[in-house]
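Next up is a structure, given as structure tokens.
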Amino acid sequence: MYGGYVRCPYCGSLNDKVVESRTLAHGDSIRRRRKCLDCEYRFTSYELIEDKPLMVIKRDARRQPFDRSKLERGIQRALEKRPVSTIGIENIVTDIEDAAFMQSKDSKEIDSAVLGEMVLERLYSVDKVAYIRFASVYKQFNNLEEFILEVKKAGKKYGRDDEE
Ligand SMILES: [Zn+2]
């Protein structure tokens, strides 16, 4: 929903045309009637009017606007040459973006650590190699022991199918 992507609930296409827009009573959301250009299905989307952009609070307390393409690049890098399709990557990014907006809908701020955890959790369930790649960049381990400990912790935290 955020960033202009609205998927057709019928065929999954992102190709649609807005046929009618209406600002709702409180003025903080917009209802749009849309028509899918691929299958002609008509549907409705609701969008929050973003008065303030979502800000990411960095480790050093500086704030930066949330950047979808930066998130996408990080995830792409982790999934390079892994068996996950472009659409699969796109879905992970959209999923994280939605979760980030939902989590920060009042404050419009999210801690980069929280965002990082969202990425790690999803990568762990999609592809363990990608998870390890991302974690090793993101967590900046000082030594091998730290790294091994982290991977074990992840297994406990996110794992369902692990032997341990
Ligand atoms: Zn459609």
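The values are calculated or read from the model by the stated rules, or taken from the named source; none is laboratory data. Quick caveat: nothing in here was measured; it's all calculated off a predicted structure. Note that each Cβ is placed from the backbone with ideal geometry, even for glycine, and that neighbours are counted across all protein chains shown. The area values use the complete protein model at the heavy-atom level, side chains included, leaving out ligands, DNA and RNA. Shrake-Rupley method; radii C 1.70, N 1.55, O 1.52, S 1.80 Å.
If I ask for residues that are more than 16 Å from the ligand (Cβ to nearest atom), surrounded by 13 or more Cβ atoms within 10 Å (Cβ to Cβ) and either in a strand (DSSP E or B) or modelled with pLDDT of 95 or more (or both), which ones from segment 42-57 would you list?
Filtering segment 42-57 for residues more than 16 Å from the ligand (Cβ to nearest atom) gives 46-57.
Applying the additional criterion that residues be surrounded by 13 or more Cβ atoms within 10 Å (Cβ to Cβ) yields 47, 54-57.
Once the filter is applied, which keeps residues that are more than 16 Å from the ligand (Cβ to nearest atom), surrounded by 13 or more Cβ atoms within 10 Å (Cβ to Cβ) and either in a strand (DSSP E or B) or modelled with pLDDT of 95 or more (or both), segment 42-57 yields Glu47, Met55, Val56, Ile57.
Something else: Here is a list of conditions, (1) within 26 Å of Ser13 (Cβ to Cβ); (2) polar (S, T, N, Q); (3) touching a Phe, Trp or Tyr at 6+ places or on another chain (Cβ under 7 Å), and Ser45 meets all of them except one; can you say which number that is?
(3)
If Thr94 satisfies all but one of (1) of a type in the set (Ser, Thr, Tyr); (2) within 23 Å of Tyr158 (Cα to Cα); (3) at pLDDT 90 or above, what's the number of the condition it fails?
Thr94 satisfies all of (1) of a type in the set (Ser, Thr, Tyr); (2) within 23 Å of Tyr158 (Cα to Cα); (3) at pLDDT 90 or above except (3).
Hey, Gln64 hits all of (1) at pLDDT 90 or above; (2) assigned to a helix (DSSP H, G or I) but one; which does it fall short on?
Here Gln64 clears every test but (2).
Since Cys39 meets every condition but one in (1) part of a strand (DSSP E or B); (2) more than 23 Å from the chain's Cα centre (by Cα); (3) within 16 Å of the ligand (Cβ to nearest atom), which condition does it not meet?
It fails just one condition, (1).
Report every pair of residues separated by at least 6 positions or lying on different chains whose Cβ atoms are under 9 Å apart, first residue within segment 1-30 and under 26 Å from Asp67 (Cα atoms) and aromatic (Phe, Trp, Tyr), second at pLDDT 85 or above and part of a loop (DSSP other than H, G, I, E, B).
Tyr5/Leu14
Condition first: in contact (Cβ under 8 Å) with a residue 24 or more places away in the chain and open to solvent by 30 Å² or more (accessible area, probe 1.4 Å). Can you find one or more residues in segment 148-155 that meet it?
Taking every residue of segment 148-155 in turn, none turns out to be in contact (Cβ under 8 Å) with a residue 24 or more places away in the chain and open to solvent by 30 Å² or more (accessible area, probe 1.4 Å).
While we're looking at this one, here's another question. Counting just the residues of segment 98-119 that are open to solvent by less than 50 Å² (accessible area, probe 1.4 Å) and part of a loop (DSSP other than H, G, I, E, B), which one comes out farthest from Ile49 (Cα to Cα)?
Ser104
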